[in-house]
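The values are calculated or read from the model by the stated rules, or taken from the named source; none is laboratory data. What you see is a predicted model; the values in this text were computed from it and never measured. All Cβ positions, glycine included, derive from the backbone under ideal geometry; neighbour counts span all protein chains shown. Quick note on the areas: whole protein, heavy atoms, side chains included, nothing else; ligands and nucleic acids left out. Shrake-Rupley method; radii C 1.70, N 1.55, O 1.52, S 1.80 Å.
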Amino acid sequence: MSELRPIQKFRHRHLLGIEGLSAADILTLLDRAEEAIEVSRQIEKKRATLRGRTLINLFFEASTRTQSSFELAGKRLGADVMNMSVSTSSVKKGETLIDTAMTLNAMRPDIIVVRHAQAGAVHLLAKKVDCAVVNAGDGAHEHPTQALLDALTIRRNKGRIEGLTVAICGDILHSRVARSNILLLSTLGARVRVVGPSTLMPVGIERMGAECFLDMKSGLEDADIVMMLRLQRERMSGAFVPSSREYFRTFGLDAEKLRYAKKDALVMHPGPMNRGVEIDSSIADGPQSLIREQVEMGVAVRMAVLAALAEHLPND
Amino acid sequence: MKTLPSIAHQPLALVNGRLLDPGAGRQARGGVLIIDGVIRDLGPAVVADALPAHAQVIDCGGDVIAPGLIDMCAFVGEPGAEHRETIATATAAAAAGGVTTILARPDTNPPVDEPAVVDFLLRRARDTGLVRVLPVAALTRGLQGAEMAEIGLLKEAGAVAFSDAAQSLRNAQVMRRILAYAKDFDALVMHHTQDPDFSEGVMNEGEYATRLGLTGIPREAEAIMLDRDIRLVALTGARYHAALVSTSLSLDAVRAAKTAGLPITCATSINHLTLNENDIGDYRTFLKLSPPLRSEGERQALVQALAEGVIDVIVSDHNPQDVETKRLPFTEAEYGAIGLETMLSAGLRLVHAGEISLARLVAAMSLRPAEILGLPQGRLAIGAPADLIRFDPDEPYVLDPLKLHSRCKNTPFDEAKMQGRVKLTMVAGEVVWEAA
């Protein structure tokens, strides 16, 4: 097998969010990612799917993990990968997002992967370029590849997604991971709960398809998956919650709180973790944790996404 | 733009129209006779045959003849933001939209907090404007919300009202003293109520903001500040105008205050009456407004309140923004939309949808502002200034932003289907706009 073969054709030119994807679209990508896992586990990891293609990682917000995951995914598929951290270059010179997009577009890339601190920034950029665009996180809006890798991890460990109860816990308000996961998991038939204090709960979240809980005991009851979210340091000193120790006491995942969930419940975290704030180290490194596996699935899902989008690229 | 020559004392008549006097609330066939910029006669007897031979006659072909519109909130760019708008371009847009009087916002650079700036605006308007421009002066020096502006001197110079534009006065003590002092001069205080401590939001709080990942502004941010102001109005007795309300919570407060007999009036914008938060769609920054567009339920409450008269006035909230400040991620983009040229057409959507009568719509854009400001305009009456418009409420068109007269093209009605357009605009008996 020299290339990742299409199982079913992906219908979209860009991947800007989970919103707008059908269950079939999502399953197409997950099935493809299963193949990519096999590729990544061989000694010869290089494929020719994206040979000759140029992939630009355009990160307006620093991220080691997502950026390196996309970089590896691109390289394993044979693309030339260029990393650009814009927060340290042109923005300081007053160049706008659109200018940056137009400049990069003129270099004729095939795919641009974008992360930006503002919701909607990736949509704006996608309107101005000719190539395929992947959203690697825009503000508190969406982070579709994270939701895909989470779904892949769940499916491989539980054998299914439909019918599972997934509790997403912590800072829902500022979380793009929560939004993308709510959309994806509910589309695939899981029961999604969000658990956190009222100050970190966005208004109307239940109308996105999640059930809302304000304490860990009721929120984790009978949960199959406990997904913890990162709480930013600047939000734990009085603005949203009084202190990190109070937050850990009420919403931090430790052995005691994990017992509220099903016995075989599995624990996830999109990283990077604040050990001792939202999650105890014994849980993060314990037998129920899928956190390291999520990282491996991340590369596979991103390979699947890049390969799927490449099918729409012109070939002459 | 002055397409018709005018001879001193030459009578001018608009004939064969539907006269809409928003005060009387009814329409009748007839004409209007104008001499020296003033309405001298009107009614069914004003017909072409009955006029003297030297009179200039314009046949309106059955179109509506109404008082020119008075817009209580528009940004005209001068001084200091001429790249966004000038008095020439703003008044050209106004004339094309049937607006014959603009109240110019004070948040210019420098702000309108000195009598000399009021004077500058009046002279610039006289020299370069097609329609009347009335300056609104600042409530506080430098719009800083701390020290009272020279309300007496500014009023004497020609300021018709006082406002800190889009900023709310955070300090209740400052507001109380300003209201008390303004009362002594019978000055009108116009206040934009949005608690500045909630200002981190960029759109209406709710499901849609949550889906878009944008920070919301709750309705309460507006109502909290308005509730405070209403108590201070009760304390001081000052004339107070809520410059732009967007929520049913505010409407409840205004309704109660009016019932209690307080000297309170309020306005909403044409955008808030005809659009809702869902129109933001895929992060359309032309719909980023302050206060934010609310839910459809709130929009309907505004329309209802307009029909009942709880809302007195409709403003364009004309705020020209260039591409550099709008072609940005939603959170970073500036607030505001242009509206002078489209406010009547957009308002007619409500009439065509059967949500409000034509007379009520026109009253909220002419008679009520005139009453609040103590202006003689806004009426079809003998002796009133001949600030008049002719429009066909039914003529359909598709809005082409490039044809708009404003220097900026940030219209939320970009390529929208509109029904009803202004064919002729007259200020003091002079034709300043005539549709091709």
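Things worth noting here:
- Net +/- balance of residues flanking residue B:428 in space, Cβ distance below 11 Å, scoring K and R +1, D and E -1: -2
- Distance between the C-alpha centres of the range A:217-292 and the range A:99-151: 30 Å, rounded to the whole angstrom.
- Residue B:119 paired with residue B:38, simple spin-label distance in nm, labels 7 Å along Cα-to-beta-carbon: 2.9
- Helix A:23-40 and the longest principal axis of the C-alpha atoms of chain A enclose an angle of approximately 80°.
- Computed per residue of chain B from DSSP H runs no shorter than four, each worth -39500 (n - 2.57), the mean residue ellipticity at 222 nm is -8500 deg cm²/dmol.
- Exceeding the 32 Å Cα-Cα cut-off - candidates B:258/B:417; A:46/A:158; A:9/A:75; A:9/A:46; A:75/A:128; A:45/A:263: B:258/B:417; A:45/A:263
- Counting only alpha carbon atoms, the long axis of helix B:296-308 and the longest principal axis of chain B meet at about 50°.
- Here the range B:131-209 and the range B:78-123 have alpha carbon centers that stand 17 Å from each other.
- Looking at the protein assembly as shown alone, DSSP beta bridges between its own residues are antiparallel in about 30 percent of cases.
- As a ratio to 2.2 N^0.38 Å, the alpha-carbon radius of gyration computed for chain A takes the value 0.98.
- Summary value for the range B:273-319: 37 percent relative contact order, contacts being C-alpha pairs under 8 angstrom separated by 6+ residues.
- With contacts taken as Cα pairs under 8 Å and at least 6 residues apart, chain B reaches a relative contact order of 20 percent.
- Relative frequency of Cα-Cα separations exceeding 20 Å in the range B:282-358, percent: 41
- Compared with the dominant principal axis of the Cα atoms in chain A, helix A:97-106 is inclined by about 40°.
- The range B:67-373: projected area of the alpha-carbon convex hull, averaged over directions, in nm²: 14.0
- Computed E for residue A:160/residue A:48 - FRET, C-beta separation, R0 30 angstrom, nearest 0.05: 0.35
- Computed over the Cα atoms of the range A:177-288, the ratio of the radius of gyration to the Kirkwood radius (Rg/Rh) comes to 0.94.
- Globularity index of the range A:85-212, i.e. its alpha-carbon radius of gyration over 2.2 N^0.38 Å: 1.23
- Carbon plus sulfur fraction of accessible area for chain B, probe 1.4 Å, in percent: 50
- When the P(r) of the range B:218-278 is calculated, the portion above 14 Å amounts to 54% of the C-alpha pairs.
- Debye equation applied to the C-alpha atoms of the range B:1-145, log10 I(q)/I(0) at 0.08, 0.12 Å⁻¹: -0.31, -0.62
- Compactness relative to 2.2 N^0.38 Å, alpha carbon Rg of the protein assembly as shown: 1.12
- Annotation: amide H of residue B:74 within the under-5 Å range of B:103, B:105, sequence separation 5 or more or interchain, hydrogens built in the peptide plane.
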